[in-house]
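K.L.:
Next up is a structure, given as structure tokens.
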């Protein structure tokens, strides 16, 4: 190909690319965008003119290579930019503002924006995920999610494995027991019954489904260790859900394949176990039986582990629908001003009231995401039930709410947080020490 023709084609492509860039990022005016593009293209020509004159004939194959490369880098600009998918659970980088005081921030901001918004981004990501999982049979994000041979997904970040599997020291076990006794005394002094329950993580419950190397990583279970230790202290009222759920393991799935959480039927059996223990102290209560429920096996999409891999439709999320016959009787109520202003509780606080029960008992469950499937059932048994999202119990909340029963539900991965008292209990502890000194 002659150098002259080659130069003309490159300048036309350059003009076209610059026009697209200026029209998309600088000005929607065709006149302004066109003018800027022509000026920059002319500048490029005069700067490179001497170099181009020294070129001999250009090989056609080289020219086609340039065209392919050009097409690849400009197509995302020609097409409408993608919107960030909801399952990424983050805000996409905005288009940066140009500030003369910090001109170097603009290129970095533009790069972040383009990485999040370039056209066909979602299609390319999904294609990559499909190739990895369906052709090569590997996880596209192996540092976070492991895929078993039968397509069970497991959450496996290094810090998560340590949280769940690093053995507790004897000193840590003693501190946990001391803290539990202290919180129990705080509650008992106010006529409140306390119960503790800890759902197992999926990787420990279905350890046999993990790849061999991960079975070794999850060899030790903090929950097993703590459960064995708490058997020495029956007064703490620890409810062992791991043992309860293993009774159903052979006849049903306990956890979703593509999610870290248990399914609704497993949660219902956990609810029954907790209520049976509470009824020992409150015989006026009753609990829902399986005959009271409509249970159906269902297939659905989604799952937090699918989301981490980048495609909510990647693997199935088979589970169960568990609904009360005749509908639920409890209704949600808004928290009062005081409760809504307690830090870290206001956004996730759920309060239900039920006028169809024969008691005036108030329940409070300090919880994490595993109570999402429990609270609709609990709410059918108590006159008032509240569910603050908090990984430890709050003295401030209890003093205001004045429940009759407190349940602390905490997933196995957060056991390490039980070694220290929460801040408001430390304040209460200091007050007790001061009073004793006086």
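Read-outs: derived from the displayed coordinates by stated rules, not from any lab. Small disclaimer: the values here were computed from a predicted structure and weren't measured. A quick note on method: Cβ atoms are made from the backbone with ideal geometry, for glycine too, and the neighbour counts reach across all protein chains shown.
K.L.:
Is the C-alpha gyration tensor of region 173-301 telling us rounded, prolate or oblate? Criteria: a/c under 1.5 is rounded; beyond that, a/b larger than b/c is prolate, otherwise oblate.
P.N.:
Values: a/c = 2.70, a/b = 1.22, b/c = 2.21.
Because a/c hits 1.5 or more and a/b fails to exceed b/c, region 173-301 counts as oblate.
K.L.:
What FRET efficiency comes out for residue 159 versus residue 112 if R0 is 35 angstrom and r is the Cβ-Cβ distance? Round to the nearest 0.05. Don't skip to the answer; put the middle values down first.
P.N.:
Values: r = 25 Å, r/R0 = 0.72.
About 0.90, to the nearest 0.05.
K.L.:
Also, quick follow-up: Report, in deg cm²/dmol and to the nearest 500, the calculated mean residue ellipticity at 222 nm for the chain, where each DSSP H run with n ≥ 4 adds -39500 (n - 2.57) and the sum is divided by the residue count.
P.N.:
Working: 17 runs with 193 residues, N = 438.
Mean residue ellipticity, 222 nm, calculated: -13500 deg cm²/dmol.
K.L.:
Next question, about the same structure. Separation of region 308-383 and region 237-297 by C-alpha centroid, Å?
P.N.:
About 15 Å separates the Cα centre of region 308-383 from the one of region 237-297.
K.L.:
So, one more: Against the longest principal axis of the chain, how steep is helix 105-117, in degrees 0 to 90 to the nearest 10, with axes from Cα atoms?
P.N.:
With both axes taken from Cα atoms, the answer is about 70 degrees.
K.L.:
Highest first, please rank the peptides 382-389, 251-258, 37-44 by the mean number of other Cβ atoms sitting within 10 Å of their residues.
P.N.:
On the way: 382-389: 22.2, 251-258: 19.8, 37-44: 14.5.
Result, highest mean first: 382-389, 251-258, 37-44.
K.L.:
Let me ask you something else. Once both axes come from the Cα atoms, what is the angle between helix 121-130 and the longest principal axis of the chain, in degrees from 0 to 90, rounded to 10?
P.N.:
That helix lies at roughly 60 degrees to the long axis.
K.L.:
For 213, 391, which order do you get if you count the other beta carbons within 10 Å of each Cβ and list the fewest first?
P.N.:
On the way: 213 8, 391 16.
The fewest-first ordering by Cβ neighbours comes to 213, 391.
K.L.:
While we're on this one: Does region 159-226 come out rounded, prolate or oblate by the C-alpha gyration tensor, with a ≥ b ≥ c the root eigenvalues, rounded set by a/c under 1.5 and, if not, prolate when a/b is larger than b/c and oblate if not? Don't skip to the answer; put the middle values down first.
P.N.:
On the way: a/c = 4.43, a/b = 2.28, b/c = 1.94.
Taking the square roots of the gyration eigenvalues as a ≥ b ≥ c, region 159-226 is prolate.
K.L.:
How high is the relative contact order of the chain, in percent, with contacts defined as C-alpha pairs under 8 Å that are six or more residues apart? It would help to have the intermediate numbers written out before the result.
P.N.:
Working: 598 pairs, mean separation 60.4, N = 438.
Dividing the mean separation by the residue count of the chain yields 14 percent.
K.L.:
If you don't mind, there's one more thing I want to ask. Where the Cα atoms of the chain are projected onto their three principal axes, how long is each span, largest first, in whole Å?
P.N.:
Largest to smallest, the principal-axis extents are 95, 53, 50 Å.
K.L.:
For the Cα atoms of the chain, what angle does the longest principal axis make with the long axis of helix 170-188, in degrees from 0 to 90, nearest 10?
P.N.:
It is inclined by approximately 60 degrees.
K.L.:
Let me ask you something else. Separation between the residue 372 and residue 358 pseudo-spin-labels, each 7 Å from Cα along Cα→Cβ, expressed in nm?
P.N.:
3.6 nm
K.L.:
Stretched out fully, how many nm does the piece from residue 98 to residue 20 gain, at 0.36 nm a residue minus the Cα gap?
P.N.:
On the way: separation 78, 0.36 × 78 = 28.08 nm, distance 1.90 nm.
Answer, rounded to one decimal: 26.2 nm.
K.L.:
Within 10 Å, count the other beta carbons around each residue, average over each peptide in 199-212, 106-119, 146-159, 289-302, and list them highest first.
P.N.:
Numbers: 199-212: 19.5, 106-119: 14.8, 146-159: 16.6, 289-302: 11.5.
Result, highest mean Cβ count within 10 Å first: 199-212, 146-159, 106-119, 289-302.
K.L.:
Work out, step by step, the length gained on full extension between residue 291 and residue 170: first 0.36 nm times the residue separation, then minus their alpha carbon distance; give nm to one decimal. Don't skip to the end; give the middle numbers.
P.N.:
Numbers: separation 121, 0.36 × 121 = 43.56 nm, distance 4.44 nm.
Once the chain is fully extended between residue 291 and residue 170, it gains 39.1 nm.
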